[in-house]
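Please read the structure below before turning to the comments.
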Amino acid sequence: MDKVVASAAEAVAGIGDGASLAVGGFGLCGVPAVLIGALYERGTGDLRVVSNNCGLDGRGLGRLLAAGRIARAMGSYVGDNKEFARQYLAGEIEVELMPQGTLAERLRAGGAGIPAFYTPAGVGTMVADGGLPWRYAPDGTVAIASPAKEVREFGGRRHVLEEGITTDVALVRAALGDRHGNLVFDRAARNFNPLCAMAGRVTLAEVERLVEPGEIDPDAVHLPGVFVQRVVELTPAQAADKPVEKRTVTARGGERS
């Protein structure tokens with residue numbers, strides 16, 4: 001039952017080229033940066049990544065992206081990652097974009113063993129009708145476009161069929177965890193981390209603070225340990241490393257910058 005491993009390098013040792021990954025976090029919040037760093041050092045490539053976004057240039061998944069290690073990305077947001085946008089438009093990476101709520105529910109459904117579901121999100125757009133560019137050719141034409149999806153009417157409203165997502169491995173970050181893999185996430189880090197953890201066949205969790213089994217109130221557990229296979233305890237310095245994606249401060253007098 002003790003799922004703690006000695007290092008992040010040991011945790012990611014079984015991840016090979018071509019693996020599919022569900023990676024938690026939102027922007028730079030709750031991103032499993034230490035596990036991503038260990039995967040970067042390992043040299044693993046040709047990865048299929050499912051994550052809300054691909055980090056920033058040089059941060060989070062941005063490290064793997066800049067090294068050319070990601071072959072395909074599924075998410076809802078390109079954001080300010082200039083390298084991600086460049087690779088996508090240059091045809092160097094395949095990208096499947098979708099509504100953010102659809103991404104969340106596809107991960108949750110996959111983790112719950114639900115193969116597919118219907119949602120009104122995307123009906124009447126290229127999300128349902130097909131034609132979204134998944135990969136560009138070097139000359140700027142669309143090399144691979146999204147296929148059309150099944151649409152059905154329920155209660156007088158049209159819905160599109162979306163498939164659940166499962167991956168080989170999930171990488172997540174938690175504020176608190178115990179040796180059995182029970183996890184607690186802090187605020188916005190709870191957005192995608194539990195969903196990614198459920199979707200992974202093998203889930204690796206880096207935790208900012210490790211406690212003994214029984215120290216977490218069962219009512220406070222956000223993700224039961226049954227979904228987690230390996231736990232990595234972060235050092236104080238690693239736990240404190242929490243960069244801000246867009247820092248906004250208020251100066252005296254109320255002026256924001």
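The stretch 172-257: which trypsin sites (Lys or Arg not before Pro) are DSSP loop and have at most 14 other beta-carbon atoms within 10 angstrom? Provide the component values of the computation, followed by the final result.
Working: sites: ARG173, ARG179, ARG187, ARG190, ARG201, ARG209, ARG230, LYS246, ARG247, ARG252, ARG256; in loops: ARG179, LYS246, ARG247, ARG252.
Within the stretch 172-257, the qualifying trypsin sites (Lys or Arg not before Pro) (loop, at most 14 other Cβ atoms within 10 Å) are LYS246, ARG247, ARG252.
Helix-only mean residue ellipticity at 222 nm, the chain, DSSP H runs n ≥ 4 weighted -39,500 (n - 2.57), per residue, nearest 500. What is it?
Details: 8 runs with 56 residues, N = 257.
Taking each H run of at least 4 residues, the total per residue is -5500 deg cm²/dmol.
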Can you tell me the equivalent ellipsoid semi-axes for the stretch 119-189? Use √(5λ) from the Cα gyration tensor, largest first, whole Å. 35, 22, 11
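Which three semi-axes in whole Å describe the equivalent ellipsoid of the chain, each the square root of 5 times a Cα gyration tensor eigenvalue, listed largest first?
On the way: eigenvalues 180, 101, 80 Å².
So the three semi-axes of the chain are 30, 22, 20 Å.
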For Cα pairs less than 8 Å apart in space and 6+ apart in sequence, what is the mean separation divided by the residue count of the stretch 1-89, i.e. the relative contact order in percent? 26 percent
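Carbon-plus-sulfur fraction of the accessible area of the stretch 188-257, 1.4 Å probe, in percent?
Carbon with sulfur: 49 percent of the solvent-accessible area.
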Convert 4 °C to kelvin, take the viscosity as 1.567 mPa s, use the Kirkwood radius over C-alpha pairs of the stretch 94-139 as Rh, and evaluate the Stokes-Einstein diffusion coefficient in µm²/s, rounded to a whole number. 107 µm²/s
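So, R0 is 30 Å and r is the distance between the beta-carbons of LEU210 and VAL244; what FRET efficiency does that work out to, to 0.05? Don't skip to the end; give the middle numbers.
Details: r = 25 Å, r/R0 = 0.84.
According to the calculation, E is roughly 0.75.
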So what is the relative contact order of the chain, in percent, for Cα pairs below 8 Å that sit 6 or more residues apart? 21 percent
Calculate the all-directions average of the projected area of the stretch 1-76's alpha-carbon convex hull, and give it in nm². 5.1 nm²
With Cα coordinates, the longest principal axis of the chain makes an angle with the long axis of helix 100-111, in degrees rounded to 10, of 60 degrees
Apportionment of accessible area to carbon and sulfur, the stretch 1-74, percent (1.4 Å): 50 percent
Rounded to a whole number, what % of the accessible area of the stretch 107-172 do carbon and sulfur atoms account for, probe 1.4 Å? 54 percent
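Any chance you could run the full-extension gain for GLU153 through ALA188? It's 0.36 nm times the residue separation minus the Cα-Cα distance, nm to one decimal. Spell out each step's value before the answer.
Numbers: separation 35, 0.36 × 35 = 12.60 nm, distance 3.43 nm.
The GLU153-ALA188 span can extend by a further 9.2 nm.
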If you wrap a convex hull around the alpha carbons of the stretch 131-257, what volume per residue comes out, as a whole number of Å³? 279 Å³
Cα pair distances in the stretch 1-153, grouped into 10 Å bins until the bin that holds the longest one, percent each: 11, 36, 35, 15, 3, 0
Viscosity 1.567 mPa s, temperature 4 °C, Stokes-Einstein D of the stretch 35-120 from Kirkwood C-alpha radius, µm²/s: 95 µm²/s
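How compact is the stretch 160-208 by the rule of thumb for globular proteins, expressed as Cα Rg over 2.2 N^0.38 Å?
1.22
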How much accessible area per residue does the chain have, counting only protein heavy atoms and a probe of 1.4 Å, in square angstrom? 48 Å²
Report relative contact order for the stretch 25-173 in percent, whole number only (criteria: Cα-Cα under 8 Å, sequence separation at least 6). 21 percent
Loop only per DSSP, at most 11 neighbouring Cβ atoms within 10 Å: give me the GluC sites (Glu not before Pro) in the stretch 52-129, ordered by residue number. none
Residue-by-residue Karplus 3J(HN,Hα) for the stretch 164-179, coefficients 6.51, -1.76, 1.60, Hz, glycine and proline x: x, 10, 10, 9, 5, 9, 10, 10, 9, 10, 10, 6, 9, x, 10, 5
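The values are calculated or read from the model by the stated rules, or taken from the named source; none is laboratory data. Source: prediction; values computed, not measured. In this analysis, Cβ positions are derived from the backbone assuming ideal geometry, glycine residues included, and neighbour counts consider all displayed protein chains. These accessible areas exclude ligands, DNA and RNA; they are computed on the full protein's heavy atoms, side chains included. Shrake-Rupley method; radii C 1.70, N 1.55, O 1.52, S 1.80 Å.
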